[in-house]
Amino acid sequence: MRVMRVAAAIVVSLLAGLTAHAGAEELKIGAGGAPTENILKPIRTAFETATGLKLYIVASGPKNAFADLQKGEVDAAAAGLSYQDWLALMKKEGAEVSQPAAFVPTLIGKDKVKVLVHKENKVNQLSAEQLRGIFSGEISSWKEVGGDDAPILVVLGKLTPGTNSMFFKKFLGDKPVAKDVIDATTAEDVRLNVASNPSAVGFGPLSLIDDSVKAVLTPELARDITLLTKGKPSAKVQKLLDFINGEGKKYIKQ
């Protein structure tokens, strides 16, 4: 009988925990690679503990994040772009924003973009000219930039258009991007592809750097990270902004 009472107590406890979790208030943020990897993922656990809010990150890229915000499907959107560049991106992607004044942008951080290679790659530094050659396809072997005699495989993220646009604008100029590339999705997927392929090279947010890949020394490239709300930030979004500017700083790579 006692065993049954103990078992019943355990079941009740588990159900109570599930009910509490299910009843937790949610905060949903649509995001590109820079805010996802640099800010939202690093602070998520601590933010949820501090506020009781469940933070959902929809890593759909800046275009989809903005579209979801317009439809009311997320509480806020975030991207590694200034607001004006974000609006320009939306127009370029065929999703021009008709009422830009209806949205409130807030700067939540800076993102340093790093060039990633496999951890065993011998190349430690690349100049702007070398990057132009690699990502345009004019330089096709690592031997041409001081590495092994092996083909260079460029990895690009389809869901990181803000990062891609800024990188190409700085290093490629009018040159087209190489045609033969490995298609990845998110910034994290770029890292995974580079980590698993000794010939690969890609780029992404500073926070991607870990023991699985190597960041080579290049000319510095940084950008704003913007959080966007439709109208004034809600109370839930304001809690996120306050956390990012307060306790959250210790979790964010600078």
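Annotations for the structure displayed:
- The percentage of C-alpha pairs in the chain whose separation is greater than 24 Å is 52%.
- Here the Karplus relation 6.51 cos²θ - 1.76 cosθ + 1.60, evaluated at θ = phi - 60°, turns the backbone of segment 64-78 into coupling constants of 5, 4, 5, 4, 5, 5, 4, 7, x, 8, 9, 7, 7, 10, 9 Hz, with x for every Gly and Pro.
- Extending 7 Å from the Cα toward the beta-carbon at both ARG44 and GLU96 defines two label points whose distance is 3.6 nm.
- Rounded to 5, percent antiparallel among DSSP beta bridges of segment 105-240: 70 percent
- Spacing of the modelled spin labels on ALA235 and GLU138, each 7 Å from Cα toward Cβ, amounts to 5.8 nm.
- Compared with the dominant principal axis of the Cα atoms in the chain, helix 161-171 is inclined by about 30°.
- Diffusion of segment 112-223 by Stokes-Einstein, at 10 °C in a medium of 1.306 mPa s and with Rh set to the Kirkwood radius over alpha-carbon pairs, works out to 117 µm²/s.
- Cα-based reach from LYS232 at 16 Å (exclusive), listing aspartates and glutamates while leaving out same-chain residues under 8 positions away: ASP75, ASP242
- For peptides 50-62, 71-83, 90-102, 158-170, sequence by mean Cβ density within 10 Å, most packed first: 71-83, 158-170, 50-62, 90-102
- Exceeding the 25 Å Cα-Cα cut-off - candidates LYS41/LYS179; LYS71/LYS92; LYS41/LYS114: LYS41/LYS179
- Normalised contact order of segment 72-195, rounded percent, pairs of Cα under 8 Å and 6 or more residues apart: 24 percent
Readers should treat all values here as calculations from the given coordinates under stated rules, not as data from a laboratory. What you see is a predicted model; the values in this text were computed from it and never measured. Note: ideal-geometry Cβ built from the backbone for every residue, glycine included; neighbour counts use all protein chains shown.
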